[in-house]
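Below you'll find the structure, written out as structure tokens, and then a few comments.
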Amino acid sequence: SDLWGGGGRLGSCMTVADRARVRKYLAQLVTTSVLPAMERRIGDLNVIVSERKKGVRNVLKSFWGGRKKDEEDAPPAASPSSELQYRFDSVETQTRLLADSLLLMKDYDAAYSMYRLIKDDFKQDKNWVHYASVHEMIALCLYMSDPYGRAKEIFTSIETALLSYTRAA
């Protein structure tokens, strides 16, 4: 039943002035709170990722292609019932969070470079689900930045994602 007689339309119980005030409030909220918070988040994550990725330990790790000793002893996260392989404070998780935040802010080129930065880590760890999801996001970044000029890369990335999901299953 329609208690206010609005005919089922959204905002029909609000006056035009009320709608304008709500719109103004939301615009002010986004510009004064949400965007600065996202900028801080991206800046902080960028500092964390650049410090960890450019460290001597990470260079040696990528050079020899091995994981840390304590990571080798832990069982891989192949099934959903096992423990998480990447904790919230790992460099892979922080890089993924940075890439996702950049994608939300429509900085597709920077997000693409961050996804490319971590895809090899997931492949090296043989974590095929994470590897496939990163390839999905790479395809999305490529599509949003240049859908026609990079069509071959987009299809290759989607195909890699599908094959990796199949390998994980």
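Some observations on this one:
- Scanning region 120-139 for residues that are of a type outside the set (A, V, I, L, M, F, W, C), open to solvent by 20 Å² or more (accessible area, probe 1.4 Å) and under 12 Å from the mean Cα position of the chain (by Cα) turns up 130, 133, 136.
- When residue 144 is tested against (1) in contact with a Phe, Trp or Tyr (Cβ under 9 Å, 6 or more places away or on another chain); (2) more than 24 Å from residue 38 (Cα to Cα), exactly one condition is not met: (2).
- Subset tally (residues that are open to solvent by 40 Å² or more (accessible area, probe 1.4 Å) and part of a helix (DSSP H, G or I)) for region 94-119: 10
- Residues (in a loop (DSSP other than H, G, I, E, B) and either modelled with pLDDT of 90 or more or exposed (fewer than 11 other Cβ atoms within 10 Å of the Cβ) (or both)) located in region 3-37: 3, 4, 5, 7, 8, 9, 10, 15
- Within the span defined as region 155-164, every residue fails to be open to solvent by less than 30 Å² (accessible area, probe 1.4 Å) and within 14 Å of the chain's Cα centre (by Cα).
- Meets criteria (surrounded by 19 or more Cβ atoms within 10 Å (Cβ to Cβ) and either under 17 Å from residue 109 (Cα atoms) or out of contact with any Ser or Thr (no Cβ under 6 Å at 6 or more places or on another chain) (or both)) for residue 146: no
- In the condition set (1) over 12 Å from the mean Cα position of the chain (by Cα); (2) at pLDDT 90 or above, residue 115 is compliant with all but (1).
The values are calculated or read from the model by the stated rules, or taken from the named source; none is laboratory data. Just so it is clear, the model here is predicted, and its values are computed rather than measured. With ideal geometry, Cβ positions are generated from the backbone for all residues, glycine too; neighbour counts draw on all protein chains shown. We work out accessible area using only protein heavy atoms, side chains counted, and drop any ligands, DNA or RNA first. Shrake-Rupley method; radii C 1.70, N 1.55, O 1.52, S 1.80 Å.
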